[in-house]
1. Tell me, in nm to one decimal, what length is gained between ASP76 and HIS103 on full extension, where the rule is 0.36 nm per residue of separation less the Cα-Cα distance?
2. Where does the chain land on Rg/Rh, using Cα atoms and the Kirkwood Rh?
3. What would the Debye equation give as log₁₀ I(q)/I(0) for the stretch 16-87 at q = 0.13, 0.20, 0.21 Å⁻¹, counting only Cα atoms as equal point scatterers?
4. Excluding ligands, DNA and RNA, what is the solvent-accessible area per residue of the chain at a probe of 1.4 Å, expressed in Å²?
5. What do you reckon, how do GLU131, GLU22 stack up by accessible area (1.4 Å probe), largest on top?
6. Roughly how many nanometres apart are two label points built 7 Å out from the Cα toward the Cβ at ARG11 and ASP210?
7. Can you give the FRET efficiency for ASN165 and ASP67, using 1/(1 + (r/R0)^6), R0 = 25 Å, r = Cβ-Cβ distance, to the nearest 0.05?
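The values are calculated or read from the model by the stated rules, or taken from the named source; none is laboratory data. What you are looking at is a predicted structure, and each value in this text was computed from that prediction instead of being measured. We place every Cβ from the backbone using ideal geometry, glycine too, and count neighbours over all the protein chains shown. The protein model used for the area step is the full one, side chains on, heavy atoms only, and it has no ligands, DNA or RNA in it. Shrake-Rupley method; radii C 1.70, N 1.55, O 1.52, S 1.80 Å.
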Amino acid sequence: MSLDLPAEVTRLRETVAGLHAELVRYQLVAWTAGNVSARVPGRDLMVIKPSGVSYDDLRPENMIVCDLDGVVVDGDLSPSSDTAAHAYVYRAMPEVGGVVHTHSGYATAWAARGEPIPCHLTAQADEFGGEIPVGPFALIGGDDIGKGIVATLSGHRSPAVLMRNHGVFTIGRDARAAVKAAVMCEDVARTAHLTRALGTPVPMARADIDSLYDRYQNVYGQPGARSTAR
Ligand SMILES: [Zn+2]
(Lines give C-alpha, C1' and ligand atoms only; values in the text may rest on other atoms or scores of the structure.)
Protein backbone atom coordinates (compact mmCIF):
# COMPACT_ATOMS: atom_id res chain seq x y z
CA MET A 1 0.00 0.00 0.00
CA SER A 2 1.39 3.38 -0.87
CA LEU A 3 -0.56 6.39 0.24
CA ASP A 4 0.04 10.05 0.67
CA LEU A 5 1.52 9.76 4.16
CA PRO A 6 3.13 12.77 5.79
CA ALA A 7 6.91 12.71 6.21
CA GLU A 8 6.28 12.77 9.95
CA VAL A 9 5.18 9.13 9.70
CA THR A 10 8.72 8.03 8.79
CA ARG A 11 10.12 9.70 11.89
CA LEU A 12 7.34 8.30 14.09
CA ARG A 13 7.92 4.75 12.81
CA GLU A 14 11.54 5.08 14.01
CA THR A 15 10.49 6.64 17.31
CA VAL A 16 7.82 4.04 18.09
CA ALA A 17 10.04 1.10 17.09
CA GLY A 18 12.85 2.48 19.27
CA LEU A 19 10.60 3.08 22.27
CA HIS A 20 9.56 -0.58 22.32
CA ALA A 21 13.19 -1.36 23.21
CA GLU A 22 12.71 0.76 26.34
CA LEU A 23 9.88 -1.55 27.48
CA VAL A 24 12.35 -4.45 27.24
CA ARG A 25 15.20 -2.51 28.85
CA TYR A 26 13.07 -1.67 31.89
CA GLN A 27 11.67 -5.22 32.04
CA LEU A 28 8.05 -4.13 31.63
CA VAL A 29 7.06 -6.81 29.11
CA ALA A 30 7.12 -10.59 28.53
CA TRP A 31 7.13 -12.33 25.13
CA THR A 32 5.12 -10.08 22.74
CA ALA A 33 2.87 -8.42 25.35
CA GLY A 34 2.91 -4.64 25.59
CA ASN A 35 2.69 -1.92 22.98
CA VAL A 36 3.50 1.70 22.22
CA SER A 37 1.70 4.03 19.82
CA ALA A 38 2.08 7.64 18.69
CA ARG A 39 -0.43 10.03 17.20
CA VAL A 40 0.56 11.56 13.86
CA PRO A 41 0.27 15.29 14.65
CA GLY A 42 -2.40 17.08 12.69
CA ARG A 43 -3.71 13.90 11.08
CA ASP A 44 -6.30 11.35 12.22
CA LEU A 45 -3.60 8.68 12.16
CA MET A 46 -1.45 6.76 14.60
CA VAL A 47 1.65 4.54 14.42
CA ILE A 48 1.49 1.33 16.48
CA LYS A 49 3.29 -1.98 17.00
CA PRO A 50 2.32 -4.98 14.87
CA SER A 51 0.59 -7.88 16.66
CA GLY A 52 2.56 -10.90 17.83
CA VAL A 53 6.00 -9.87 16.56
CA SER A 54 9.03 -10.55 18.77
CA TYR A 55 10.56 -7.45 20.31
CA ASP A 56 13.85 -8.44 18.65
CA ASP A 57 12.20 -8.19 15.25
CA LEU A 58 10.51 -4.81 15.63
CA ARG A 59 11.79 -2.38 13.00
CA PRO A 60 10.59 1.05 11.84
CA GLU A 61 9.37 -0.50 8.59
CA ASN A 62 7.08 -3.04 10.30
CA MET A 63 5.30 -0.49 12.48
CA ILE A 64 1.66 -0.15 11.40
CA VAL A 65 -0.10 3.09 10.46
CA CYS A 66 -3.81 3.08 11.39
CA ASP A 67 -6.57 5.64 11.29
CA LEU A 68 -8.24 6.61 14.55
CA ASP A 69 -10.89 3.93 14.05
CA GLY A 70 -8.09 1.35 14.13
CA VAL A 71 -8.26 0.59 10.41
CA VAL A 72 -4.85 -0.15 8.84
CA VAL A 73 -3.74 2.57 6.43
CA ASP A 74 -0.20 1.38 5.81
CA GLY A 75 1.67 -1.76 6.85
CA ASP A 76 1.94 -5.42 5.92
CA LEU A 77 1.09 -6.96 9.30
CA SER A 78 -1.94 -6.88 11.62
CA PRO A 79 -1.77 -4.10 14.19
CA SER A 80 -1.56 -4.74 17.94
CA SER A 81 -4.63 -6.41 19.43
CA ASP A 82 -4.91 -3.32 21.67
CA THR A 83 -5.26 -0.97 18.69
CA ALA A 84 -8.94 -0.24 19.41
CA ALA A 85 -8.07 0.95 22.92
CA HIS A 86 -5.29 3.25 21.67
CA ALA A 87 -7.54 4.62 18.92
CA TYR A 88 -10.37 5.33 21.37
CA VAL A 89 -8.00 7.32 23.61
CA TYR A 90 -6.75 9.44 20.67
CA ARG A 91 -10.33 10.14 19.55
CA ALA A 92 -11.48 11.15 23.03
CA MET A 93 -8.38 12.97 24.34
CA PRO A 94 -6.98 15.36 21.71
CA GLU A 95 -4.12 16.42 24.01
CA VAL A 96 -2.73 12.87 24.08
CA GLY A 97 0.08 12.15 21.60
CA GLY A 98 1.26 8.77 22.89
CA VAL A 99 -0.23 5.66 24.54
CA VAL A 100 1.55 2.71 26.15
CA HIS A 101 0.25 -0.61 27.48
CA THR A 102 2.13 -3.14 29.62
CA HIS A 103 1.47 -5.94 32.08
CA SER A 104 4.48 -4.88 34.18
CA GLY A 105 4.58 -7.10 37.23
CA TYR A 106 4.27 -4.93 40.32
CA ALA A 107 1.79 -2.45 38.83
CA THR A 108 -0.32 -5.29 37.47
CA ALA A 109 -0.37 -6.92 40.90
CA TRP A 110 -2.12 -3.77 42.16
CA ALA A 111 -4.48 -3.98 39.16
CA ALA A 112 -5.23 -7.63 39.98
CA ARG A 113 -6.30 -6.57 43.47
CA GLY A 114 -8.23 -3.61 42.06
CA GLU A 115 -6.32 -1.36 44.44
CA PRO A 116 -5.08 2.14 43.54
CA ILE A 117 -1.44 2.86 44.42
CA PRO A 118 -1.53 5.38 47.27
CA CYS A 119 0.92 8.27 47.14
CA HIS A 120 3.56 7.87 49.84
CA LEU A 121 6.60 8.90 47.77
CA THR A 122 7.89 12.19 46.44
CA ALA A 123 8.64 10.54 43.09
CA GLN A 124 4.99 9.51 42.78
CA ALA A 125 3.83 13.00 43.72
CA ASP A 126 6.16 14.43 41.05
CA GLU A 127 5.01 12.26 38.18
CA PHE A 128 1.47 11.27 39.11
CA GLY A 129 0.29 14.07 41.43
CA GLY A 130 -1.28 11.58 43.85
CA GLU A 131 -2.59 8.04 43.71
CA ILE A 132 -2.44 5.96 40.54
CA PRO A 133 -6.09 5.06 39.90
CA VAL A 134 -7.78 1.79 38.99
CA GLY A 135 -9.97 1.56 35.89
CA PRO A 136 -12.85 -0.83 35.27
CA PHE A 137 -12.60 -4.44 34.17
CA ALA A 138 -13.07 -4.58 30.38
CA LEU A 139 -12.76 -7.30 27.77
CA ILE A 140 -10.45 -6.79 24.80
CA GLY A 141 -11.85 -6.30 21.32
CA GLY A 142 -14.26 -3.36 21.36
CA ASP A 143 -14.19 0.12 22.81
CA ASP A 144 -14.63 -0.95 26.45
CA ILE A 145 -10.94 -0.74 27.40
CA GLY A 146 -10.60 2.65 25.72
CA LYS A 147 -13.74 3.92 27.44
CA GLY A 148 -12.40 2.76 30.81
CA ILE A 149 -9.04 4.48 30.26
CA VAL A 150 -10.65 7.75 29.20
CA ALA A 151 -13.26 7.72 31.98
CA THR A 152 -10.56 7.17 34.60
CA LEU A 153 -7.85 9.55 33.33
CA SER A 154 -9.98 12.47 32.09
CA GLY A 155 -9.45 15.29 34.57
CA HIS A 156 -7.05 13.13 36.63
CA ARG A 157 -3.45 14.15 37.23
CA SER A 158 -2.14 10.62 36.77
CA PRO A 159 -0.96 9.68 33.26
CA ALA A 160 -1.30 6.00 34.28
CA VAL A 161 -4.34 3.82 34.96
CA LEU A 162 -4.34 0.29 36.38
CA MET A 163 -7.03 -1.50 34.41
CA ARG A 164 -8.56 -3.99 36.84
CA ASN A 165 -7.46 -7.61 36.41
CA HIS A 166 -5.43 -6.56 33.35
CA GLY A 167 -2.53 -4.12 33.45
CA VAL A 168 -1.22 -0.63 32.89
CA PHE A 169 -2.19 1.95 30.27
CA THR A 170 -0.34 5.26 30.20
CA ILE A 171 -0.78 8.44 28.20
CA GLY A 172 1.52 11.34 27.40
CA ARG A 173 1.88 14.40 25.22
CA ASP A 174 4.02 12.16 23.01
CA ALA A 175 4.98 8.49 22.93
CA ARG A 176 8.20 9.04 24.88
CA ALA A 177 6.28 10.69 27.73
CA ALA A 178 3.85 7.77 27.82
CA VAL A 179 6.78 5.31 28.00
CA LYS A 180 8.31 7.32 30.83
CA ALA A 181 5.00 7.14 32.71
CA ALA A 182 4.93 3.35 32.23
CA VAL A 183 8.49 3.05 33.59
CA MET A 184 7.75 5.30 36.57
CA CYS A 185 4.45 3.54 37.28
CA GLU A 186 6.21 0.20 37.65
CA ASP A 187 8.95 1.80 39.76
CA VAL A 188 6.54 3.32 42.29
CA ALA A 189 4.34 0.20 42.25
CA ARG A 190 7.36 -1.89 43.26
CA THR A 191 8.36 0.46 46.07
CA ALA A 192 4.75 0.73 47.26
CA HIS A 193 4.54 -3.06 47.32
CA LEU A 194 7.75 -3.34 49.35
CA THR A 195 6.55 -0.63 51.72
CA ARG A 196 3.30 -2.46 52.31
CA ALA A 197 5.13 -5.75 52.79
CA LEU A 198 7.50 -4.29 55.37
CA GLY A 199 5.08 -2.23 57.40
CA THR A 200 2.79 0.75 57.37
CA PRO A 201 3.54 3.67 55.01
CA VAL A 202 3.84 7.14 56.53
CA PRO A 203 1.18 9.42 55.00
CA MET A 204 2.17 12.52 53.02
CA ALA A 205 0.26 15.79 53.41
CA ARG A 206 -1.96 16.65 50.43
CA ALA A 207 -0.37 20.13 50.31
CA ASP A 208 3.09 18.59 50.00
CA ILE A 209 1.94 16.30 47.18
CA ASP A 210 0.43 19.31 45.41
CA SER A 211 3.60 21.35 45.87
CA LEU A 212 5.85 18.56 44.56
CA TYR A 213 3.59 17.96 41.56
CA ASP A 214 3.49 21.64 40.67
CA ARG A 215 7.26 22.04 40.93
CA TYR A 216 8.05 18.91 38.92
CA GLN A 217 5.56 19.67 36.18
CA ASN A 218 6.48 23.35 35.84
CA VAL A 219 10.01 23.97 37.09
CA TYR A 220 12.05 20.71 37.11
CA GLY A 221 14.51 19.91 34.36
CA GLN A 222 16.56 21.86 31.88
CA PRO A 223 15.11 25.09 30.49
CA GLY A 224 13.68 24.38 27.07
CA ALA A 225 13.52 20.63 27.74
CA ARG A 226 10.37 20.73 29.85
CA SER A 227 8.05 20.12 26.96
CA THR A 228 9.60 16.68 26.58
CA ALA A 229 10.23 15.99 30.27
CA ARG A 230 7.05 14.02 30.68
ZN1 LIG B 1 -3.02 -6.30 27.93
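1. On the way: separation 27, 0.36 × 27 = 9.72 nm, distance 2.62 nm.
Full extension from ASP76 to HIS103 adds 7.1 nm.
2. On the way: Rg = 17.2 Å, Rh = 17.8 Å.
My calculation puts Rg/Rh at 0.97.
3. Results for the stretch 16-87 at q = 0.13, 0.20, 0.21 Å⁻¹ read -0.32, -0.75, -0.82.
4. On the way: 10800 Å² over 230 residues.
Heavy-atom accessible area per residue stands at 47 Å².
5. Reading off the accessible areas and sorting them downward yields GLU131, GLU22.
6. Each label point lies 7 Å from its Cα, and together they span 3.8 nm.
7. Working: r = 30 Å, r/R0 = 1.19.
After rounding, the FRET efficiency stands at 0.25.
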